[in-house]
Amino acid sequence: MPFLGQDWRSPGWSWIKTEDGWKRCESCSQELERENQYNINHNIILNSEDEEIFNNEECEYTSKKRKKDHFGNDTNTQCFYREKWIYVHKESTRERHGYCTLGEAFNRLDFSSAIQDIRRFNYVVKLLQLIAKSQLTSLSGVAQKNYFSILDKIVQKVLSDHQNPRLIKELLQDLSSTLRILIRGVGKSVLVGNINIWICRLETILTWQQQLQNLQMTKQVNNGLTLSDLPLHMLNNILYRFSDGWDIITLGQVTPTLYMLSEDRQLWKKLCQYHFAEKQFCRHLIISEKGHIEWKLMYFALQKYYPTKEQYGDTLHFCRHCSILFWKDSGHPCTATDPDSCFMPVSPQHFIDLFKF
């Protein structure tokens, strides 16, 4: 007759061998909190006399609480790991079994703190955007919760500090478009999880889009030195440091002086030469009535047909010797004699490609 009662293995407990025999101890549990703090319960060593205290009702309550913690529908919770690196393996070996998935990597790498770093913010946003476009259906249930938890933190950060709203608008637009397509194909089981949860997530995305649309930049009152007080050559040097054409246009809307500098033909020529090859210029050449090349128009025309170079302050790195993906500041337990020679920066698209089988 099959066993229909509670699991006889007593889930949540482990056994340790002592001089007096085998004794049961409570395992370490990971609490899922909004602050993403890692709390470890003290191990409780029980002997044969203490086991009578824990009756069946308490064991059932512990089991239900564990399920609620791990499988609750609160999207603001996120799994937290001590290690900020992950071993990327695509096949089973005698030492390691199973495969490393995109969802597992997304859970293990510390993206929650990465969005607070100005060097990594654009990198994480681009990675979320690529996942929204093509890899959303490959995320597990826990990875989905972490994805939307990080996305919520990004939106709240932009609403509070008013920085990089255009990037988040593009991310939410791509995500909402993908979800609309996937929800229509629910009969094909393309989504992991309940369809009502995904509908609620889509409504949340639409709410975020409306909040960003109504975002008003507050005018800062500062009696000190401002950007407009800088000399023209310094303002021009600032514009030449930008790698995104939309950033140049946005800055040119601040003052008439910056607008004049943002319309410089040489500036847009350098920008086109940085992102595109000369062969691509010939295919989409735009000449003005006076016979001059319209570099500004060419930049946006070429952007529609060819990808631009990505530039980030900090990226994830991959160790070719250890096959470990990690943040460079966090490091990893490398066994190579010269670890720096094994490190390779990983672009967001390369990150996605690492988990394609």
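Could you state the per residue volume, in Å³, of the convex hull enclosing the Cα atoms of the range 225-331?
Working: hull volume 16.9 nm³, N = 107.
Residue-normalised Cα hull volume stands at 158 Å³.
Per-atom-type breakdown for the range 244-305 gives carbon and sulfur 54% of the accessible area (1.4 Å probe, protein chains only).
Please report, in debye to the nearest 20, how large the charge dipole of the range 98-214 is about its Cα centre when each Lys and Arg carries +1 at its beta carbon and each Asp and Glu carries -1 there. Numbers along the way, then the final one.
Numbers: 14 positive and 8 negative charges, 41 e Å.
That gives a dipole near 200 debye.
Between Gln156 and Tyr240, the simple label model (points 7 Å from Cα in the Cβ direction) yields a spacing of 4.3 nm.
Between Val254 and His89, the modelled label-to-label distance comes to 5.1 nm, taking each label 7 Å out from Cα in the direction of the beta carbon.
What does the accessible area per residue of the range 239-328 come to in Å², with a 1.4 Å probe and no ligands, DNA or RNA counted? All intermediate terms of the calculation are to be shown ahead of the outcome.
Details: 5530 Å² over 90 residues.
Heavy-atom accessible area per residue stands at 61 Å².
Give the separation of the Cα centroids, the range 319-357 to the range 268-289, in Å. Value for the Cα centre distance between the two parts: 35 Å.
Plugging the Kirkwood radius over Cα pairs into Stokes-Einstein for the range 98-214, at a temperature of 37 °C and a viscosity of 0.692 mPa s, what D comes out in µm²/s? If you can, show how the numbers build up before the last one.
Numbers: Rh = 14.6 Å.
Estimated diffusion coefficient is 224 µm²/s.
Model label points for Ile118 and Cys200, set 7 angstrom from Cα along the Cα-to-Cβ axis, are 3.7 nm apart. In order along the range 113-118, the Karplus-derived 3J(HN,Hα) couplings, from 6.51 cos²θ - 1.76 cosθ + 1.60 at θ = phi - 60°, round to 7, 5, 6, 7, 8, 5 Hz, and Gly and Pro are given as x. 3J(HN,Hα) couplings calculated from phi for the range 162-176 with the Karplus curve 6.51 cos²θ - 1.76 cosθ + 1.60 (θ = phi - 60°) are, in sequence order, 6, 10, 6, x, 5, 4, 6, 4, 5, 4, 5, 5, 5, 5, 5 Hz; Gly and Pro show x.
The values are calculated or read from the model by the stated rules, or taken from the named source; none is laboratory data. Remember, it's a predicted structure, so these values are computed and weren't measured experimentally. As a convention, Cβ positions derive from the backbone with ideal geometry for all residues, glycine included, and neighbour counts pool all protein chains shown. The protein model used for the area step is the full one, side chains on, heavy atoms only, and it has no ligands, DNA or RNA in it. Shrake-Rupley method; radii C 1.70, N 1.55, O 1.52, S 1.80 Å.
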